[in-house]
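Accompanying notes for the structure given below.
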Amino acid sequence: MAETITIIDDRTGKKVTVPVTDGVFASTALRELDPNLRMYDPAFLSTAACQSSITYLDGEKGILRYRGYPIEQLAEKSTFLEVAYLLLNGELPDNDQFAKWDYDVTHHTMIHENMRKRFVDGFHYDAHPMGMFISAIAALGTFYDDAQDVFDTDNLNKQILRLVAKVPTIAAMTYRFSSGLPFVLPNNSMSYATNFLNMMYRIGDDYEVDPVLARAMDVLFILHADHEQNCGTTAMRVVASANSDPYSATAAAASALYGPLHGGANEAVVRMLTEIGDVKNIPAFIESVKRGEGKLMGFGHRVYKNFDPRATIIKKSAYEVFEITGTNPLLDVALKLEEVALNDEYFASRRLYPNVDFYSGLIYQALGFPVSMFTVLFAIPRTVGWLAHMSELLRDDEQKISRPRQWYTGVDERNYTDIKKR
Ligand code: CMC
């Protein structure tokens, strides 16, 4: 028998019975009780704003799947570009499909010279790479006069291809600008991650990307590619619901990601570990967090309440990277901090566990990235997830422009008084 929920309006005695599917019921049914009835749900704690078939997340069990495939299998067996195809198209590619996708992405990595010479050169010398990244993505859209036509599927896919291909180039460009280094052009003979590392670090001819490090980068890209309705993806969906072009919508999503509670957390973790400095300072730091003087960055998640499966994979990946690069001196602080927090009643009772950002910063640092680049590294693969959600949204007949209601709590009507009388 189908499950239902019955809601009774005690003010009028009216009742409405609605089907519950997968724990979800359509709250629009409440309007049958009273057309002005609204649900109050700050920060969307219990609101499903869309149907989606891209990513499945079970926070209690620590499950993350892209299009049904467990993240553990994808991280072990797949590549980022294959995962990108999967997220965007719904299925893993066959040989021919992958060869075409790989070729197309590889051959769209260049950006217009004006982006580099005129646009990026205009930033202040110490501009934050993430601020530059966000602006550059929005600016990129102005180079394509077909960017606005989001309902022509082939055209939208062309913009998606451009964005997926060009985000590493833009990301590397922000770093090279910040470091005063000449830009390195994309290399069509390299894989996605190798090409990115090459654009980041090549100086002259004496740079070879270590394949183990390139694979670690690729795995990090896979882990960050999508995470259903997080803050950045919600920003993407809200902006895309106004039928804005994919470049503007991606820039909006990246702006959300920039925040320290979201993609900025990996940067905050390394700053926190650096500040703690030594394992002997951990107890005092933990006590200060418990007094509410700050957060344990890299801990806690809105959805994961037991463990974050991405954190488990990243921790393993970190050791593989450290084999090549040498251990990050902050690793000891991180390991001890994790141990102390997991055994502390404050964190246990609130179900706070390490999230994806707790260890990712340490790998990024070992790979040579400055802390200010960390969120940009998150934005590169997440661009794929954002665009998969944009495509899904535009094909969803139930969607309209996002426009939540509010609960007005301001003053009632009053008359204007002249400034001399106030
Ligand atoms: N350190 C100390 N206390 C915490 C932390 C933390 N990292 N996270 C949550 N709490 C406490 C919080 O103060 C609250 O305590 P109380 O019940 O006494 O008021 C309780 O735990 C519940 O927290 P909340 O703020 O209601 O939880 P939320 O779901 O709104 O926030 C979060 C989720 C990720 C924003 C939060 O855990 C946090 O700020 N963590 C640190 C930042 C971080 O690592 N962010 C990366 C998230 S993963 C990457 C991504 O998806 O972007």
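FYI, it's all coordinate maths here, none of it is from the lab. On a predicted model such as this, the values are computed, not experimentally measured, just so you know. We place every Cβ from the backbone using ideal geometry, glycine too, and count neighbours over all the protein chains shown.
Would you mind calculating the relative contact order of region 193-254 from Cα pairs under 8 angstrom and at least 6 residues apart, reporting the percent as a whole number?
Result for region 193-254 is 25 percent.
How big is the dipole moment of region 4-58 about its Cα centre under a simple scheme where the beta carbon of each Lys and Arg is +1, that of each Asp and Glu is -1, and everything else is neutral? Debye, nearest 20, please.
Dipole magnitude for region 4-58 comes out near 200 debye.
Given a Förster distance of 51 angstrom, what is the FRET efficiency for T6 paired with K117, based on the Cβ-Cβ distance and rounded to 0.05? Numbers along the way, then the final one.
Working: r = 65 Å, r/R0 = 1.27.
Approximately 0.20, to the nearest 0.05.
So what's the angle, to the nearest 10 degrees on a 0 to 90 scale, between helix 246-257 and the longest Cα principal axis of the chain?
It is inclined by approximately 90 degrees.
If you stretched the chain out fully between T153 and S349, how much longer would it get, using 0.36 nm times the residue separation minus the C-alpha to C-alpha distance? Walk me through the intermediate numbers first.
Numbers: separation 196, 0.36 × 196 = 70.56 nm, distance 4.79 nm.
Residue separation times 0.36 nm, minus the Cα-Cα distance, leaves 65.8 nm.
Debye calculation, C-alpha points only, no solvent: report log10 I(q)/I(0) for region 4-58 at q = 0.19, 0.25, 0.30 Å⁻¹, in the same order as the q values.
For region 4-58, the Cα-only Debye profile gives -0.79, -1.15, -1.33.
Just the projected area, averaged over all directions, of the convex hull on the alpha carbon atoms of the chain: how many nm²? Don't jump to the answer; show the numbers that get you there.
On the way: hull surface 112.3 nm².
Averaged projected hull area, Cα only: 28.1 nm².
With an 8 Å Cα cut-off and a minimum separation of 6 or more residues, compute the relative contact order for region 4-58 in percent. Before the final figure, lay out each step's value.
Working: 40 pairs, mean separation 12.0, N = 55.
So the answer I get is 22 percent.
With unit charges on the beta carbon (Lys/Arg positive, Asp/Glu negative), name the residue among Q406, A252, G59 whose Cα is farthest towards the positive pole of the charge dipole of the chain.
Result: Q406.
Expected output is a single nm value to one decimal: the length gained when fully extending between E60 and R403, i.e. 0.36 nm times separation in residues minus the C-alpha distance. What is it?
Separation in residues times 0.36 nm, less the Cα-Cα distance, equals 120.4 nm.
Taking a quarter of the surface of the convex hull around the Cα atoms of region 328-420, what do you get in nm²?
Answer in nm², one decimal: 14.4.
A 25 angstrom limit on the alpha carbon distance is what I want to check against. Which of K15/K400; K15/K61; K77/K315; K295/K336; K77/K305; K100/K166 exceed it? Each step should come with its number before you reach the end.
Numbers: K15/K400 27 Å; K15/K61 35 Å; K77/K315 17 Å; K295/K336 16 Å; K77/K305 27 Å; K100/K166 17 Å.
In this structure, K15/K400; K15/K61; K77/K305 lie more than 25 Å apart at Cα.
For the pair K15 and Y319, what calculated FRET efficiency results from E = 1/(1 + (r/R0)^6), where r is the Cβ-Cβ distance and R0 = 56 Å, to the nearest 0.05? Intermediate results must be reported in sequence, preceding the final value.
On the way: r = 58 Å, r/R0 = 1.03.
In this case the efficiency is close to 0.45.
Would region 253-409 count as rounded, prolate or oblate if I go by the C-alpha gyration tensor, calling it rounded below 1.5 in a/c and otherwise prolate when a/b exceeds b/c, oblate otherwise?
On the way: a/c = 2.22, a/b = 1.44, b/c = 1.54.
The shape class here is oblate.
³J(HN,Hα) across region 328-343 via Karplus (A = 6.51, B = -1.76, C = 1.60, θ = phi - 60°), whole Hz, x for Gly/Pro?
Residue by residue, region 328-343 yields 6, x, 7, 4, 4, 5, 5, 4, 5, 4, 4, 4, 5, 5, 5, 9 Hz.
For the chain, what is the mean residue ellipticity at 222 nm derived from helices alone (per DSSP H run of n ≥ 4: -39500 (n - 2.57); sum divided by total residues; nearest 500 deg cm²/dmol)?
Helices in the chain give a 222 nm mean residue ellipticity of -15000 deg cm²/dmol.
Whole percent per 10 Å bin, from 0 to the bin with the longest distance: what is P(r) over all C-alpha pairs of region 67-208?
10, 36, 35, 17, 2
If you count, for each residue, the other Cβ atoms within 10 Å and average over each peptide, how do 267-275, 355-363 line up from highest to lowest?
355-363, 267-275
Can you tell me which of 257-265, 397-405 comes out highest on packing, and rank the rest after it, using the mean Cβ neighbours within 10 Å? Can you show the working numbers first?
Working: 257-265: 19.4, 397-405: 9.9.
Peptide ranking by packing, descending: 257-265, 397-405.
Do you know the relative contact order of the chain, to the nearest whole percent, from alpha carbon pairs under 8 angstrom that are 6+ apart?
Relative contact order here is 20 percent.
I'd like the Kirkwood hydrodynamic radius of region 227-310, using the inverse of the mean 1/r over distinct C-alpha pairs, in Å.
14.9
Karplus couplings for region 209-220 from phi (6.51 cos²θ - 1.76 cosθ + 1.60, θ = phi - 60°), rounded to Hz, Gly and Pro as x?
Each residue of region 209-220 in turn: 6, 5, x, 5, 5, 5, 5, 4, 4, 4, 5, 4 Hz.
Determine the distance separating the Cα centre of region 1-63 from the Cα centre of region 324-378; give it in Å without decimals.
Cα centroid of region 1-63 versus Cα centroid of region 324-378: 37 Å apart.
Per 10 Å bin, what percent of the C-alpha pairs of region 369-416 does each bin hold, from zero upward?
Here the calculated profile for region 369-416 is 18, 22, 21, 20, 15, 3.
Which of the peptides 136-145, 318-327 is most tightly packed, and how do the rest follow, going by the mean number of other Cβ atoms within 10 Å of each residue?
Result, highest mean Cβ count within 10 Å first: 136-145, 318-327.
On a 0 to 90° scale, report how tilted helix 265-276 is relative to the longest principal axis of the chain, with both axes built from alpha carbons and the result rounded to the nearest 10.
It works out to around 70 degrees.
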